[in-house]
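Structure record follows, encoded as structure tokens.
The values are calculated or read from the model by the stated rules, or taken from the named source; none is laboratory data. Values in this document were obtained by computation on a predicted structure and should not be read as measured data. Glycine also receives a Cβ, built like all others from the backbone with ideal geometry; neighbour counts cover every protein chain displayed.
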Ligand SMILES: [Zn+2]
């Protein structure tokens with residue numbers, strides 16, 4: 001049963017009345033409820049492989065019915081073997097219910113895979129997952145990577161040619177280095193360069209924070225030549241673009257955009273024009289918090305960018321169901 005927001009609020013009112021207490025931050029509690037499936041409702045499937053398979057089947061996360069691909073007859077679930085088996089006595093071909101899903105061909109039992117996924121979605125550190133499930137940290141890392149790749153591919157499939165901005169829209173663009181260590185002047189620091197843009201959505205003259213349209217990409221160093229190409233690909237012509245004074249953005253006016261800047265060596269917000277890029281810079285902070293320094297490298301950065309975008313997009317949803325359903 002899924003409750004709507006007003007119903008949940010009503011529920012809290014009733015709880016308050018019966019217990020004679022005052023619940024503070026109802027909105028936070030609601031967010032907490034919606035963020036992920038409660039652990040106690042999934043405990044059974046984490047403990048038992050058959051339960052895990054039945055859960056995926058009964059919730060339609062994997063195929064409920066499969067026809068035999070050899071003889072077209074119906075198949076029947078053999079729970080002990082964890083396979084669909086053809087009903088035709090001369091055929092009896094077996095097919096995995098997990099065929100075509102991310103869980104097929106992975107070595108750990110399905111219940112453990114789902115448990116790792118649950119903790120991954122809850123942003124648990126790899127070392128925590130490893131010790132609580134008694135599996136090696138390397139195994140956990142490789143599973144986390146598989147989940148991240150899955151999120152990345154899913155977005156690449158669904159998000160082709162989606163440009164942000166448009167006439168009368170503002171897009172903030174900024175570049176940043178996701179560095180391994182704190183940046184010291186004069187020292188080259190390992191890490192990965194990224195560029196990002198966020199469309200501001202205006203609501204009662206305030207910046208609305210949810211479900212922002214954005215793009216995030218890794219870039220090779222701060223290569224000036226690439227910037228025009230990237231922006232043309234991800235931002236609609238005619239958009240008003242806010243950036244800092246970096247020379248990479250010097251050409252934006254010539255390729256079809258309105259361009260306003262803020263001089264970051266002087267202020268965060270231009271006192272005359274009101275231009276600032278705080279929204280995208282907030283994104284860098286969030287991103288840096290979500291990637292531990294060891295993983296801040298050119299090779300893996302795109303996985304983290306896509307994971308970040310997926311979480312951002314789905315932060316009002318139950319990420320457990322979202323991950324399994326899509
Ligand atoms: Zn068959």
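Structure notes:
- Of all residues in region 286-299, those being touching a residue at least 40 places away in the same chain (Cβ under 8 Å) and in contact with a strand residue (DSSP E or B) (Cβ under 9 Å, 6 or more places away or on another chain) number 7.
- None of 50, 64, 81 is modelled with pLDDT under 90, loosely packed, with under 15 Cβ neighbours inside 10 Å and over 27 Å from residue 315 (Cα atoms) except 64.
- Region 59-89, subset outside any loop (DSSP other than H, G, I, E, B) and farther than 23 Å from residue 107 by Cα, residue nearest to the ligand (Cβ to nearest atom): 86
- For region 134-149, a residue qualifies if it is surrounded by fewer than 17 Cβ atoms within 10 Å (Cβ to Cβ) and over 16 Å from the mean Cα position of the chain (by Cα), and the qualifying residues are 134, 135, 136, 137, 138, 141, 142.
- Among the numbered conditions (1) modelled with pLDDT under 85; (2) closer than 26 Å to residue 298 by Cβ; (3) not in a helix (DSSP H, G or I), the only one that residue 209 does not meet is (2).
- Selection count, region 301-320, where residues are surrounded by fewer than 16 Cβ atoms within 10 Å (Cβ to Cβ) and over 11 Å from the mean Cα position of the chain (by Cα): 2
- Hey, residue 226 within 17 Å of residue 175 (Cα to Cα) and under 19 Å from the mean Cα position of the chain (by Cα) or not: no
Conditions (1) more than 16 Å from the ligand (Cβ to nearest atom); (2) over 16 Å from residue 320 (Cα atoms); (3) assigned to a helix (DSSP H, G or I), marked per residue:
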site	(1), (2), (3)
57	yes, no, yes
99	no, yes, no
116	yes, no, yes
129	yes, yes, yes
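A quick yes/no check of all residues on (1) assigned to a loop (DSSP other than H, G, I, E, B); (2) closer than 18 Å to residue 122 by Cβ; (3) in contact with a helix residue (DSSP H, G or I) (Cβ under 6 Å, 6 or more places away or on another chain):
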{"position": "233", "(1), (2), (3)": "no, no, no"}
{"position": "265", "(1), (2), (3)": "yes, no, no"}
{"position": "305", "(1), (2), (3)": "no, no, no"}
{"position": "308", "(1), (2), (3)": "no, yes, yes"}
